[in-house]
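> Let me give you the structure first, and then I'll get to my questions.
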There are 2 protein chains.
Amino acid sequence: MKSDLDAIMQASNLDALLVVGHAEYNPPMYFFTGGGHVSHATLIKKRGEGAVLFHGDMERDEATKSGLKLIPYSKYDFDDLLQKANKDAALANAMRYEAMFKDVGVTSGRVGVYGTYDVGSVFGMLNALQKLMPEIEFIGEARENSVFMKAMETKDEADVARIRKMGKITTEVVGLVRDYLTNCDVRDDEVLLKEDGTPLTVGDVHSKIRLWVAERGAELPSGFIFAQGRDAGVPHSAGTPTDLMRLGQTIVFDIYPAESGGGYYYDFTRTWSLGYATPEAQELYDQVKEIFDKLNDNFDLNAPFRNYQQMTCEYFESKGHKTPLNTKAPQEGYVHSLGHGVGLNIHERPFSGFTAGDDHRLAPGVIITSEPGLYYPEKGMGFRIEDTLWVRPDGRIETLAEYPYDFVLPMKKWKK
Amino acid sequence: MKSDLDAIMQASNLDALLVVGHAEYNPPMYFFTGGGHVSHATLIKKRGEGAVLFHGDMERDEATKSGLKLIPYSKYDFDDLLQKANKDAALANAMRYEAMFKDVGVTSGRVGVYGTYDVGSVFGMLNALQKLMPEIEFIGEARENSVFMKAMETKDEADVARIRKMGKITTEVVGLVRDYLTNCDVRDDEVLLKEDGTPLTVGDVHSKIRLWVAERGAELPSGFIFAQGRDAGVPHSAGTPTDLMRLGQTIVFDIYPAESGGGYYYDFTRTWSLGYATPEAQELYDQVKEIFDKLNDNFDLNAPFRNYQQMTCEYFESKGHKTPLNTKAPQEGYVHSLGHGVGLNIHERPFSGFTAGDDHRLAPGVIITSEPGLYYPEKGMGFRIEDTLWVRPDGRIETLAEYPYDFVLPMKKWKK
């Protein structure tokens, strides 16, 4: 939570934070600004003090919405700096940063650097700034353990309400897709047909998903997954748009809509088979569902998240599948980790992989995904079930958006 | 153009390029990959050789679409590196990069660093990598003059066709918004009404714009502008969603849809006044239109872009407005620069500001915006007209999507 930030800075021995980049689609900046169209913002926060947002003059209205203390870039005469820097733009930029740091009273100590932005220009600027301000040590923290990832790890009730709302939109859209698919006519060769009698493609379904999410005012990162058959067997294959939709194929449908402007995400997956399922697919689905349920029964407040990766691997290995427990980077079987935190980042702390530290725990206030899966691209099938769960302060684990777990979706106008 | 890259690298004395970040929404990476859902990609290109794309195993299908030479991260045993690095994740990451650089044959020389990504983790990794590979000098170029911005500056016919297609979508949506607005009922107090008889808000119009762009398979960055009255007078104010739509107010409508996944943009602005315009607004609009037309008549192949900023400032000053020519960071009058290149970045070379170098020219193959405007927030009005123009190889300047320049839009169900 934001209120933890000063304590986390202290624990990480950081005296100030520098955040660069857009106020939107940039989690560390959004964490302070709450979004807004401020394109080339800079934020400096001294430990124990409020953050100061630097912004272009044309974007003063958008910057004001943040409620932060503002300083417009026009305070610093860039043309003049450019002259002083002998037309070296990187140096002039560093000189402007020097003036900005001085204006907020940061002239020494350890300063962490954050934000999603053009890495090259920031690297060049910091190298020049380091020479201008030798008393400051600029720190590039590994993302997973940065002060922001730690401060974002636990959510307050207002954050949870926003994520829950994204969950509601997610399950509404999933329900619409389900209704649309199960109402389709089916050709003799088991291909689904659109209203106009032509075959329904995976790309058609992608378009509908995008539209239905947009209609609800949310945004859908383009990597969402609605993948059939072999593509379902490759965890991050988005699906082949030209593929025709068919009965009896596994469909992995993994979507993670976000608030407009780069706010909170929800993460959700179901696996479906239209009309019927092959016995082998049904058996594998049942295994995924069994461990999914077992995990829900076993999640415990404050337990290390990776314990459940261990439980999942052991379960799947007992059923004869490869897993990361005893196979390096398996390409089939259970090939990923169990889940991750969800918030302003689609993937954030706590993490569940075997290399995640002991401090990645189901602490009160974290929001995680649980997403066991099985992948057999050579067999043309894949499976994943995923909900987003809130570890409530009272220790109860709550699914933030309920949705049924049916695997076979009966077709309204088709019978086996 | 991509074919210029090796020559530009040579001119900038760079032996290799390192690009980090997602394959989408990341122009330098997209320039090579053409998009695709590869989340944590790394690309290394040695001068004179093809680029190599490093990717996670789960994203191998998406990575394959790039057509580049691929190496999966699983080739490098991160757990092992983490042990060797004594659990220092930044060092282990740097050791992985060291192995990757060695695998593509880069062990010395000047290496430029690019990409939109978490700046802190890259800064930390590069500092560690610099110690492991002291024979390499890592370079952070200022964005405006980076090799990528130079290579992207001119477009080939295929690029132009894609931008033109975005222009068609843009003007279709602008036409739909115009039709929707002019068909509204109007209340006695000149507020527009929705179909259900309640007032139409700026936010309602924003939603329609988002939806109509999404229906056409394009993406609309959330900073698009549909702003009325005072907000129209602040160039980058996106508009206040709760404001009611009214007759006789200036409306600045600036949208820049992009291809899905972070591809090519189109940039476009019109200024409207519904039903009628005040005489003062009409006069100011006419001035903007006059210089807009004059610019179109004067754009010359290979002329420095900033010459037209000069022309625009001189024109507006002759009409009594403040401009950057003689006022530092004016808050009213003509407050910005004339235009910018458009491509995989919404703002790219060539630039037109007075600090832009002499090499920012209307060279054959560049695509620019021309967008003069006037801003009077205290008077509650603002104006901007913008088209996206292609400097054709034959020297002709072509507007890539034609759309009328009417200022006053007559209302179908209302008369003054």
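> So which aspartates and glutamates can A:LYS294 reach, going by Cα to Cα under 16 Å and dropping same-chain residues fewer than 8 places off?
Those aspartates and glutamates meeting the cut-off are A:ASP286, A:GLU314, A:GLU317, A:GLU371, A:GLU386, A:ASP387, A:GLU398.
> Over what distance in Å are the Cα centres of the stretch A:313-365 and the stretch B:176-226 separated?
So the separation of the two Cα centres works out to 45 Å.
> Mind checking the dipole of the stretch B:194-265: about its Cα centre, +1 per Lys or Arg Cβ, -1 per Asp or Glu Cβ, Debye to the nearest 20?
In total the dipole reaches around 140 debye.
> Something else now. At 0.36 nm per residue, minus the direct Cα-Cα distance, what do A:GLU314 and A:THR355 gain on full extension? Give it in nm, one decimal, please.
13.1 nm
> What total accessible area, in Å², is buried where chains A and B meet, using a 1.4 Å probe and rounding to the nearest 100?
In total, this chain pair buries about 4700 Å².
> Taking B:LYS416 as the anchor, which aspartates and glutamates have their alpha carbon closer than 17 Å to its alpha carbon, excluding any fewer than eight residues away along the same chain?
Once the sequence-local aspartates and glutamates are set aside, what remains near B:LYS416 is B:ASP185, B:ASP188, B:ASP189, B:GLU190.
> Further question: Using a/c under 1.5 as the rounded threshold, could you call chain B rounded, prolate or oblate? The axes a ≥ b ≥ c are square roots of the C-alpha gyration tensor eigenvalues, and prolate needs a/b larger than b/c, oblate otherwise.
Prolate is the answer for chain B, as a/c is 1.5 or above and a/b outweighs b/c.
> Something else now. Restricting to chain A, compute how many DSSP beta bridges are antiparallel as a %, nearest 5.
75
> Sticking with this one: First check a/c for the stretch B:129-250, with a ≥ b ≥ c the square roots of the eigenvalues of its C-alpha gyration tensor; if it is under 1.5, answer rounded, and if not, answer prolate when a/b is larger than b/c or oblate otherwise.
Prolate, since a/c reaches 1.5 and a/b exceeds b/c.
> Nearest 5 is fine: what % of DSSP beta bridges in the stretch B:1-76 come out antiparallel, could you say?
Percent antiparallel among DSSP bridges in the stretch B:1-76 is about 70.
> Using a basic spin-label model with each label point 7 Å from the Cα along Cα→Cβ, how many nm lie between A:SER108 and B:LYS75?
4.7
> Averaged per residue, what accessible area in Å² does the stretch A:359-416 show with a 1.4 Å probe, protein chains only?
Spelled out: the 1.4 Å probe surface of the stretch A:359-416, per residue, equals 40 Å².
> Between A:GLY261, B:PHE226, A:PRO404, whose Cα lies farthest towards the positive end of the dipole of the protein assembly as shown when Lys and Arg beta carbons carry +1 and Asp and Glu beta carbons carry -1, centred on the Cα centre?
Checking the options against the dipole of the protein assembly as shown, the answer is A:GLY261.
> Let me ask you something else. Compute, for chain B, the length of the dipole vector about the Cα centre, with Cβ point charges of +1 (Lys, Arg) and -1 (Asp, Glu) only. Units Debye, rounded to 20.
Once rounded to the nearest 20, the dipole reads 140 debye.
> Work out the charge dipole of the protein assembly as shown with +1 on the Cβ of Lys and Arg and -1 on the Cβ of Asp and Glu about the Cα centre, then indicate which of B:ALA11, B:GLN249, B:ASN298 is farthest towards its positive end.
B:ALA11
> How big is the antiparallel share of DSSP beta bridges in the protein assembly as shown, given as a percent to the nearest 5?
75
> Considering only DSSP states other than H, G, I, E and B, which GluC sites (Glu not before Pro) in the stretch A:100-202 qualify as loop sites with at most 15 other Cβ atoms within 10 Å?
Passing both the DSSP loop test and the Cβ count: A:GLU135, A:GLU195.
> In percent, what relative contact order does chain B have, based on Cα pairs under 8 Å that are 6 or more apart in sequence?
15
> Which of rounded, prolate or oblate describes the stretch B:182-322 when judged by the alpha-carbon gyration tensor and an a/c cut-off of 1.5?
Here the stretch B:182-322 falls in the oblate category.
> Please identify, among B:GLY112, B:GLY120, B:GLY395, the residue showing maximal mean-square fluctuation in a Gaussian network model of chain B using a 10 angstrom Cα cutoff.
Result for chain B, Cα springs under 10 Å: B:GLY120 fluctuates most.
> Moving on. Largest first, how would A:ARG230, B:ARG178, B:ARG47 line up by accessible area (1.4 Å probe)?
A:ARG230, B:ARG47, B:ARG178
> Just counting partner chain Cβ atoms within 10 Å, what average do the residues of peptide A:137-146 show around their Cβ?
Mean partner-chain Cβ count within 10 Å for A:137-146: 6.
> Taking beta carbons within 10 Å but only from partner chains, what does the mean come to for residues A:19-27?
The mean count of partner-chain Cβ atoms within 10 Å per residue comes to 2.
> Here's a follow-up. Considering Cα pairs under 8 angstrom that are at least six residues apart, work out the relative contact order of the stretch B:181-293 and quote it in whole percent.
Contact order relative to length: 22 percent.
> Residues in the stretch B:75-105 near a label at B:GLU49, defined as backbone nitrogen under 18 Å from the 7 Å Cα→Cβ point?
Hits in the stretch B:75-105 for B:GLU49 at 18 Å: B:75-76, B:96-105.
> To the nearest 20 debye, what is the magnitude of the charge dipole of the stretch A:283-416 about its Cα centre, counting +1 on the Cβ of each Lys and Arg and -1 on the Cβ of each Asp and Glu?
Rounded to the nearest 20 debye, it is 500 debye.
> Round to a whole angstrom and tell me the spacing of the C-alpha centers of the stretch B:79-119 and the stretch A:394-416.
Each part reduced to its Cα centre gives a spacing of 43 Å.
> Related question: Would you be so kind as to identify which of A:MET311, A:SER352, A:PHE31 lies farthest towards the positive end of the dipole of chain A, taking Lys and Arg as +1 and Asp and Glu as -1 on Cβ and the Cα centre as origin?
A:PHE31
> Can you flag which of A:LYS194/B:LYS194; A:LYS45/A:LYS131; B:LYS289/B:LYS319; A:LYS165/B:LYS168 are past 25 Å Cα-Cα?
Going by Cα-Cα distance, A:LYS194/B:LYS194; A:LYS165/B:LYS168 fall outside the 25 Å limit.
The values are calculated or read from the model by the stated rules, or taken from the named source; none is laboratory data. Predicted model only: the values in this text are computed from it and were never measured. Virtual Cβ from ideal backbone geometry, glycine too; neighbours counted across all protein chains shown. For the accessible areas, the whole protein counts, side chains as well, though only heavy atoms, and no ligand, DNA or RNA atoms are used. Shrake-Rupley method; radii C 1.70, N 1.55, O 1.52, S 1.80 Å.
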